[in-house]
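Data block below; observations after.
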């Protein structure tokens, strides 16, 4: 049996990534609707207030070694083994610290109930820490199908558990338990699929060798989590859990949308860039094709969600969440560019430019924090608009970093991105004005918008002669046959 080419690996990875992420979001949609209708806005706010602490602890625990392992040209058992025995004691130590600090977190948010909840939720990152090495092993070898199946199984089981507990009146404890079950199932399946076992050898030389790269990525991940959860931290301190719940609800649906595309990009981008780095011309072709494919998917998905935000929120989870609809519309504009940013940063990591990634993200966070502090008196929506505008402009900064490595000009990147942005924006604007003019009830309005956009966007893609669209259709038809 012949060894798959790089193009075949990429196509299979993108196909499985697309199918998996699509199915995951369908499950997330179903479970999310039931939970949002069952639980209160304050329940979501309770869990959202402590999410940042779990994310930062998980980043310290992982310490950037997943990307470091993927980025190493050759991997041996001792490399995986060293990372495993580093992550395990780190997980236990961090959990002990967070357990002791839980009362301080509750005092910061003026919510005593957070103490037992935080201690329970923080168990999730201890469990997930056990899956760092098997996950990296599957990722390194582009075994997207295995990772996808594990994620889907974990999501389905944990979602059923979360919904059951919510319906039985366990409130925010149901969300917390759902997270724990998801991490446990995922970790177990990663171990089963990766077929790797640690040995009792404590050789930390590989960790020291990778630490120069991974430590910068660790700092970057922490900064990124602070940036992504800034509003939960600020709103949780200044406002009630209800406001945090509204924002988290909007951000959840925004994340659900852009993660469909980002998950596909993350699943194949860095390993592909590592494999093609010895051929600069091939790497340019790979990058630009990935850029077009990402834009082709991201803009219609995210701008489409923005176009139906109000109808979706009211119909799916109820009018009590109406405040989050406007937030969702604004966040989706920023989310449309996030998969493109992810592609840029994945390329920088494949070149070992973890320091460039770290300083670029640090500058972004400082810029956002300063402007958001200044804009805070003008209200939540103003803060979100400024946050979105800065994220859009920062795409140019990430391109400047990649340009130094690949020599791709702004004009070339514009040709790869702007046609898809313009066609998607035209599709959604035409759909919005055409359907709104009919003055239909909410459900027919939602269905009409989805149907019109689903027909109009592919039609415009075909008429414009977009090569990536024709190639995607041809590939899917070939796989079907």
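The values are calculated or read from the model by the stated rules, or taken from the named source; none is laboratory data. All of these numbers come straight from a predicted model, not from anything done at the bench. Methodologically, a virtual Cβ is constructed for each residue, glycine included, from the backbone with ideal geometry; neighbour enumeration extends over all protein chains shown.
Just a few scattered comments:
- Residues that are over 25 Å from the mean Cα position of the chain (by Cα) and buried (at least 16 other Cβ atoms within 10 Å of the Cβ) do occur in the range 157-165, at least one of them.
- Selection over the range 321-351 of residues that are closer than 25 Å to residue 435 by Cβ and assigned to a helix (DSSP H, G or I) gives a count of 15.
- Filtered residues of the range 171-186 (kept if surrounded by fewer than 21 Cβ atoms within 10 Å (Cβ to Cβ) and under 14 Å from residue 37 (Cα atoms)): 171
- Filtered residue count, the range 335-374, keeping only those that are within 24 Å of residue 403 (Cα to Cα) and free of Cβ contacts under 8 Å to residues at least 60 places away in the same chain: 12
- The requirement of being at pLDDT below 85 and either assigned to a helix (DSSP H, G or I) or farther than 26 Å from residue 34 by Cα (or both) is satisfied by residue 128.
- Residue 430 part of a helix (DSSP H, G or I), without any contact (Cβ under 8 Å) to a residue 60 or more places away in the chain, out of contact with any strand residue (DSSP E or B) (no Cβ under 8 Å at 6 or more places or on another chain) and loosely packed, with under 13 Cβ neighbours inside 10 Å: no
- Here the condition is being touching a helix residue (DSSP H, G or I) at 6+ places or on another chain (Cβ under 6 Å) and touching a residue at least 60 places away in the same chain (Cβ under 8 Å); of 382, 388, 445, it holds for 445 alone.
- Residue list for the range 71-83, filter: surrounded by fewer than 19 Cβ atoms within 10 Å (Cβ to Cβ), in a helix (DSSP H, G or I) and either at pLDDT below 75 or in contact with a helix residue (DSSP H, G or I) (Cβ under 9 Å, 6 or more places away or on another chain) (or both): 78
- Exactly one residue among 407, 465 is over 27 Å from the mean Cα position of the chain (by Cα) and within 30 Å of residue 348 (Cα to Cα), and that residue is 407.
- Residue match in the range 141-156 (condition: within 30 Å of residue 203 (Cβ to Cβ), more than 20 Å from the chain's Cα centre (by Cα) and modelled with pLDDT under 85): yes
- Here the condition is being in contact with a helix residue (DSSP H, G or I) (Cβ under 6 Å, 6 or more places away or on another chain) and touching a residue at least 40 places away in the same chain (Cβ under 8 Å); of 166, 154, it holds for 166 alone.
- Test: residue in the range 104-116 that is within 25 Å of the chain's Cα centre (by Cα), without any contact (Cβ under 8 Å) to a residue 60 or more places away in the chain, over 22 Å from residue 204 (Cα atoms) and part of a helix (DSSP H, G or I): no
- Against the test of being crowded, with 18+ Cβ neighbours inside 10 Å and over 23 Å from residue 256 (Cβ atoms), the options 415, 353, 403 yield a single qualifying residue, 353.
- Residue check, residue 397 surrounded by 14 or more Cβ atoms within 10 Å (Cβ to Cβ), within 30 Å of residue 347 (Cα to Cα) and at pLDDT 90 or above: yes
- Test: residue in the range 257-273 that is in a helix (DSSP H, G or I), at pLDDT below 70 and more than 25 Å from residue 335 (Cα to Cα): no
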